[in-house]
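The values are calculated or read from the model by the stated rules, or taken from the named source; none is laboratory data. Given the structure is predicted, the values throughout are model-derived calculations rather than measurements. Virtual Cβ from ideal backbone geometry, glycine too; neighbours counted across all protein chains shown.
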């Protein structure tokens, strides 16, 4: 499967790039995961020991939600570098780096309470 993905170039214009589909790394292709409100800060074995009903419900999937990354589709579109020329591939990698840095900054700000 393949398709197209839109990025924004240095002029702020949309640019379509070739993509392919890969298994979602967030849900590992399941389409769902535990609601981060339940285990976003981790769950200790003691919490399960203190509440066996919670443990059973947790592993049964009672707290699962549609994957936040793929919206339950189990796959995500990723750039298909094999179908790009070197210049486009370089721009896409730079764009991805910028997005990754922005997301890391936002995550750090959320951890600090911003």
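General observations
- Residue among 72, 42 that alone is loosely packed, with under 11 Cβ neighbours inside 10 Å and either touching a helix residue (DSSP H, G or I) at 6+ places or on another chain (Cβ under 8 Å) or assigned to a loop (DSSP other than H, G, I, E, B) (or both): 42
- Matching residues in the range 63-80 - criterion: being within 15 Å of residue 15 (Cα to Cα) and over 12 Å from the mean Cα position of the chain (by Cα): 79, 80
- Only one of 92, 65 that is touching a helix residue (DSSP H, G or I) at 6+ places or on another chain (Cβ under 9 Å), outside any helix (DSSP H, G or I) and surrounded by 11 or more Cβ atoms within 10 Å (Cβ to Cβ): 65
- Qualifying residue in the range 2-15 (condition: part of a helix (DSSP H, G or I) and either over 15 Å from the mean Cα position of the chain (by Cα) or in the same structural domain as residue 88 (by TED's automatic domain parsing) (or both)): no
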